[in-house]
Structure formats: C-alpha cells, structure tokens
Amino acid sequence: MLYKTQTRLVLVLLVLLTGWIATGIIGRLTLGWLDKILQRVPIIKSIYSSARQLTDAVFVSRSSLRKTVLAEYPRQGMFAVGFQTNDERVTLPDGRKALLVFFPTTPNPTSGWLALIPETEVTETSLTIEDGLKLIVSGGVIKPADLDTFIRPKA
C-alpha cells in the first residue's frame with residue numbers, strides 16, 4: 001500500500017516538474033527548437049504552419065474572430081454557431097453581399113469550414129467569442145442558461 005502511494009506521489013511530482021520546466025526558459029527553447037524542425041520537414045511543413053496560424057489566430061490573438069453568429073447552415077431549418085471572420089463584405093455573383101463565416105467543429109475548434117453566406121441570412125448574437133467557443137468545444141454541454149436571449153432579431 002505504501003509503495004503505491006509513493007509511486008503516485010513521485011508521478012505527480014514528475015508531472016508538476018515537467019510542467020514547470022516546460023513553462024520556463026528550457027521549455028520555451030525546446031518548443032522553439034521543435035517549431036523550427038517542424039517548419040523544415042517538407043510534407044509536415046504546410047500542414048503544421050497552417051494549423052499553427054489558425055491556432056494562433058483563434059486561441060492566442062483572437063483577432064480573426066469578429067462576432068459570434070448563427071446561420072441556417074448546412075441547410076434550411078438547421079442552425080449552426082459560427083464566427084464572422086472579417087468585417088468586409090464579399091459580393092456574390094448575383095449581387096448580394098455576403099459575410100465570411102467560420103464554423104468550427106466539435107470538440108476540436110481548430111478544424112472546421114468557411115462559408116460565404118449572404119448577410120441577410122446571418123443572425124448576429126450577443127454571445128462573446130469565448131462563450132461561443134465554450135459552447136462549440138463542449139458540444140453544447142456548457143451553454144449560457146438563457147441562450148435564446150443572446151440571439152438578436154433581424155431588423
């Protein structure tokens with residue numbers, strides 16, 4: 001019994017020590033070195049750099065996500081939570097203005113799809129970017145109690 005307790009204590013201390021080292025100077029140097037290596041490997045380079053840019057934009061700077069929105073997507077009658085990624089409007093071939101909306105997947109929001117949706121078909125919400133991400137990552141388990149009040153009616 002004492003042996004199991006000691007083993008668990010050593011394991012916990014080892015995990016804490018590893019975390020402390022990783023967040024310190026040695027960890028930053030190691031991660032920087034690993035980053036440089038991954039950016040030089042031919043096939044991995046393109047995948048890694050794209051995933052890294054998306055992760056940095058969404059989770060570090062969050063500058064790429066403008067608003068949390070709802071859209072009838074992928075078909076009418078089915079609503080998806082997404083993020084408006086740009087303030088500029090894109091003109092569709094039929095002359096309508098469209099928004100760029102990123103729909104992250106659950107539970108991994110670094111993957112997803114981008115859709116050009118006519119702005120008249122996008123419903124703005126008052127959910128913060130953080131609350132929208134929590135809602136998506138949790139698969140709807142973590143949601144504001146009064147979610148329906150966050151949806152703004154169209155003018």
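Taking region 107-141 as the search range and keeping residues that are touching a helix residue (DSSP H, G or I) at 6+ places or on another chain (Cβ under 6 Å) and modelled with pLDDT of 85 or more, which one is surrounded by the most Cβ atoms within 10 Å (Cβ to Cβ)? Talk me through it step by step, then tell me what you get.
First pass over region 107-141, keeping only residues touching a helix residue (DSSP H, G or I) at 6+ places or on another chain (Cβ under 6 Å): 107, 109-110, 125-127.
The next check asks that each one be modelled with pLDDT of 85 or more; those that pass are 125-127.
Details: T125: 17, S126: 12, L127: 21.
Restricting to residues being touching a helix residue (DSSP H, G or I) at 6+ places or on another chain (Cβ under 6 Å) and modelled with pLDDT of 85 or more, the top hit is L127.
Taking the residues in region 37-55 that are part of a helix (DSSP H, G or I) and among the charged types (D, E, K, R) as candidates, determine which candidate is farthest from P109 (Cα to Cα). Give the derivation first.
To start, the set of residues in region 37-55 that are part of a helix (DSSP H, G or I) comprises 37-38, 42-55.
With among the charged types (D, E, K, R) added as a condition, the list becomes 45, 52.
Numbers: K45: 21, R52: 13 Å.
Once the filter is applied, the top-ranked residue is K45.
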Quickly run through region 104-116 and pick out the residues that are within 18 Å of D87 (Cβ to Cβ) and not aliphatic (A, V, I, L, M).
none
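Given the residues L34, L29, which is the only one that is outside the structural domain of P104 (by TED's automatic domain parsing), closer than 29 Å to T105 by Cβ, under 26 Å from the mean Cα position of the chain (by Cα) and free of Cβ contacts under 8 Å to residues at least 24 places away in the same chain? It would help to see each step written out before you state the result.
Details: L29 fails: closer than 29 Å to T105 by Cβ.
Just one listed residue meets the conditions, L34.
The values are calculated or read from the model by the stated rules, or taken from the named source; none is laboratory data. Because the structure is a prediction, the values reported are computed rather than measured. When we count neighbours, we look across all protein chains shown, and the Cβ atoms used for this are built from the backbone with ideal geometry, even at glycine.
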